[in-house]
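Could you have a look at this structure, given as structure tokens, before my questions?
The values are calculated or read from the model by the stated rules, or taken from the named source; none is laboratory data. Keep in mind the model is a prediction, meaning the values are calculated, not measured. Don't worry about glycine lacking a Cβ; one is built from the backbone with ideal geometry, like all the others, and counts go over all protein chains shown.
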Amino acid sequence: MAKITYIEHDGKEHVIEVKPGQSVMEGAVKNNIPGIDADCGGACACATCHVYVDDAWADKTGKASVMEESMLDFANDLQPTSRLSCQIIVSDALDGLIIRMPENQH
Ligand code: FES
């Protein structure tokens, strides 16, 4: 399991153990963490699972694919470490990952 800290826009933290192989989005949705809508269910087709990866983790989570980049254009308030959380697959290497949610997903 990988421990992931999800931080809501207002600073409220949720620390969850997520199974490797699940996405960061699935970890949030399955644990009822607010701030990630995931309207398309993880198909990289909605951009409502937008998150900011903590700077210290940006290298480990890797870069967005071309398809993800094009969907990110539909997200609000993009930052350099913006990602779609359904496209970040959890592994043991991401144990300790910190992500932050934007103010809203629409
Ligand atoms: Fe729709 Fe991630 S859940 S793009």
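Quick test of your reading of the structure: GLN87 fulfils all but one of (1) touching a residue at least 40 places away in the same chain (Cβ under 8 Å); (2) surrounded by fewer than 18 Cβ atoms within 10 Å (Cβ to Cβ). Name the failing condition by number.
Against the list (1) touching a residue at least 40 places away in the same chain (Cβ under 8 Å); (2) surrounded by fewer than 18 Cβ atoms within 10 Å (Cβ to Cβ), GLN87 comes up short only on (2).
Still on this structure: Please state which one of GLU68, GLU8, GLU103, GLU26 is buried (at least 19 other Cβ atoms within 10 Å of the Cβ) and in contact (Cβ under 8 Å) with a residue 24 or more places away in the chain.
Just one listed residue meets the conditions, GLU26.
In addition: Got a sec? Which of GLY27, GLY42, GLY21 is at pLDDT 95 or above, under 18 Å from SER82 (Cα atoms) and more than 8 Å from the ligand (Cβ to nearest atom)?
GLY27
In this structure, does VAL51 turn out to be more than 12 Å from the chain's Cα centre (by Cα), part of a strand (DSSP E or B) and closer than 18 Å to ALA2 by Cα?
Judged against the criteria, VAL51 is not a match.
Report the residue count in the range 45-56 for those that are closer than 14 Å to GLN87 by Cα and more than 11 Å from the ligand (Cβ to nearest atom).
The qualifying residues number 2.
From ASP37, ASP59, which residue is over 21 Å from GLU103 (Cα atoms) and either assigned to a helix (DSSP H, G or I) or near the ligand (Cβ under 9 Å from one of its atoms) (or both)?
Result of the check over ASP37, ASP59: ASP59.
Taking the range 56-65 only, how many residues are loosely packed, with under 12 Cβ neighbours inside 10 Å and under 13 Å from the mean Cα position of the chain (by Cα)?
1
Here's something else I'd like to know. When you go through ASN32, ASN76 one by one, which is the residue that is at pLDDT below 95, in a loop (DSSP other than H, G, I, E, B) and either loosely packed, with under 13 Cβ neighbours inside 10 Å or within 16 Å of the ligand (Cβ to nearest atom) (or both)?
Among ASN32, ASN76, only ASN76 is at pLDDT below 95, in a loop (DSSP other than H, G, I, E, B) and either loosely packed, with under 13 Cβ neighbours inside 10 Å or within 16 Å of the ligand (Cβ to nearest atom) (or both).
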